[in-house]
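Read the structure below first, then the notes.
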Amino acid sequence: MIKFSNIFKSFSPANEVLQNISFEINSGELIFVTGSSGAGKSTLIKLISALEKPTSGEIIFEDQNLSDLSNIDMPYLRRKFGMIFQDHKLLFDRNCFENVALPLSINDTTSVDINRRVRAALNKVGLLDKEKVMPITLSGGEQQRLAIARAIVSRPSILIADEPTGNLDKKYADDIMNIFYSFQQVGVTVIISSHEAPQSPIKFKELHLINGELGNKDVPLLS
Amino acid sequence: MIAVIGITLCLPATGFLLVKNASQLSSKIEYDAQISVFLSKDISDDQIEFIGSTLKQSNLVKNLHFEPKLKAWEKLQTKLKLNSLDAGISENPLPDAFFVTLNSLDTAVIESLHDDIQNLEGVNEVIIDSGWIKKLRSILYLIKVALFVLATLLAIVLIVVIGNTIRLQTLTYQNEIELSRLIGATDSFIQRPFIYTGIFYGLGGSLVNAGLLTVIIEIFNRIAYKFEHILGGSIVLYNLSLNEYLLLAALSMIIGLFASYYAASQSLKKIKKNF
């Protein structure tokens, strides 16, 4: 589904963030991008979600070379991803419902559909009773769940999360992880970046980054 | 914001209104162009009669007056009170002349008539005497050109004002724009609300302008009415026609569209650079 071949990425000539990264992600897999801070996790996530372009190398997404894609086609590609950002990127001048509805309004979904799908997404993350609440009043874990609801509302086939549990305590983090697992169970490809791979009850693939290079190891836990 | 646009529009619109009224007034003035036809000195009476009848036949001629040289000479002498003048001058230096009043003010028609008369045998000189109305019209034309320049400058001002306002709005919505881009909004989707705002500013501004102009005209007409007896006749300003207002609205909406499109796409470019 997604194939990286010999990807290099640098923001300045002296500073190679990613070096010679090659891997393949198949549909329906659970992927953890791990590594310590500054290892290049966020950059790799941005490359996967086509927010950044590689300095050199080739990214194939669904049989399409991303470097061939024009800037006009980029937005349509991005709609295929459900993105969960490190800093949530919630809009604090809008209530929960409106935050989740944003991707749908970009897709020109009809308002009846919007209502139905936003409620379904909020229900999935357990925030249905807070649809009229402003996000600033939510706890950190709830904000994260709201961000997840926004990512899944357009039913993407790939869910990409950048450190979704970074600053949550263990109980909340487990909740969030269980939400991701449940999506993987229904066939969604889930890509999560995190300091270290968690004790996952399901099989996953790990892309371990060390100083911008891939120490590739497949760690099948419980099969 | 809309008030600013309205007032900016109001300046050239008021100017245009004044010029329009003035040119309407100038065309209404009962003024007849005159041409003076001076004949050659050695002309025979037959020729004079022929020229006179030719002039009479023209349908442009409203009134024809023949002044023989002797009479003109006497007139000049009484005017100058110089009875001794003929002492130095042996013969009458003045020619016979026709004074023709025309029923047209059209410069082209008068010019062609002028050429026709000039070509008649025995005609020495033809002078068109419609100078002052011509001057008035050319002054009005000049003012029109000046107004056009002013309007162009103010259009640029409008573009800057609207563009700047839209740019500030994009800053206010920066988070939303950034997020929308990240989750797959096209550029045109992001720009659309800002462009609508720009067009709305244009429309609102032209409405404010229409209101302002109407008030100005009303006030002017009331004051002019009070002074009617002093001015010896009423001066009434007429408002712009509906078509002219529609044109103005369309123009300012186009300006709004252009300015907001430019501002929004510039801001978007800047935001794109940020990540």
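The values are calculated or read from the model by the stated rules, or taken from the named source; none is laboratory data. Computed from a prediction, not measured in an experiment: that's the story for all the values here. Quick reminder, even Gly has a Cβ in these numbers, built from the backbone with ideal geometry, and neighbours come from all protein chains shown.
Tabulated results
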{"item": "Filter result for the condition that a residue is at pLDDT below 90 and either farther than 13 Å from A:L51 by Cβ or within 8 Å of chain B (Cβ to nearest Cβ) (or both), over A:Q86, A:Q64", "result": "A:Q64"}
{"item": "Residue pairs meeting the criteria (Cβ under 8 Å; at least 6 apart or on separate chains; first away from every other protein chain (no Cβ under 14 Å) and of a type outside the set (V, I, T), in the range A:102-124; second assigned to a helix (DSSP H, G or I) and surrounded by fewer than 17 Cβ atoms within 10 Å (Cβ to Cβ))", "result": "A:R119/A:L128; A:L122/A:L128"}
{"item": "The range B:168-181, subset buried (at least 19 other Cβ atoms within 10 Å of the Cβ) and in contact (Cβ under 8 Å) with a residue 40 or more places away in the chain, residue farthest from the other protein chains (Cβ to nearest Cβ)", "result": "B:T170"}
{"item": "Of all residues making up the range B:219-275, the number that are more than 22 Å from B:L158 (Cβ to Cβ), among the small types (G, A, S) and either surrounded by 14 or more Cβ atoms within 10 Å (Cβ to Cβ) or at pLDDT 90 or above (or both)", "result": "1"}
{"item": "Residue among A:L44, A:L91 that alone is under 20 Å from B:I177 (Cβ atoms) and under 19 Å from the mean Cα position of the chain (by Cα)", "result": "A:L91"}
{"item": "Condition check for B:V215: more than 30 Å from B:Y261 (Cα to Cα) and in the same structural domain as B:A263 (by TED's automatic domain parsing)", "result": "yes"}
{"item": "Residue within the range A:100-123 that is modelled with pLDDT of 90 or more, surrounded by fewer than 19 Cβ atoms within 10 Å (Cβ to Cβ) and under 25 Å from A:G28 (Cβ atoms) present", "result": "yes"}
{"item": "Criterion: outside any helix (DSSP H, G or I) and under 18 Å from B:L18 (Cβ atoms) - qualifying residue of B:N239, B:N209", "result": "B:N239"}
{"item": "The range B:188-207 - residue that is under 30 Å from A:K80 (Cβ atoms) and crowded, with 18+ Cβ neighbours inside 10 Å and, of those, nearest to the other protein chains (Cβ to nearest Cβ)", "result": "B:I190"}
{"item": "Test: residue in the range A:27-44 that is aromatic (F, W, Y) and within 27 Å of A:T165 (Cα to Cα)", "result": "yes"}
{"item": "Any hit, the range A:38-55, residues being surrounded by 16 or more Cβ atoms within 10 Å (Cβ to Cβ), part of a loop (DSSP other than H, G, I, E, B) and of a type in the set (K, R)", "result": "no"}
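Here is a yes/no grid of residues against (1) out of contact with any Cys (no Cβ under 9 Å at 6 or more places or on another chain); (2) surrounded by fewer than 18 Cβ atoms within 10 Å (Cβ to Cβ); (3) touching a residue at least 60 places away in the same chain (Cβ under 8 Å); (4) acidic (D, E):
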| site | (1), (2), (3), (4) |
| --- | --- |
| B:S104 | yes, yes, yes, no |
| B:Q118 | yes, yes, no, no |
| B:V145 | yes, yes, no, no |
| B:A155 | yes, no, yes, no |
| B:V161 | yes, no, yes, no |
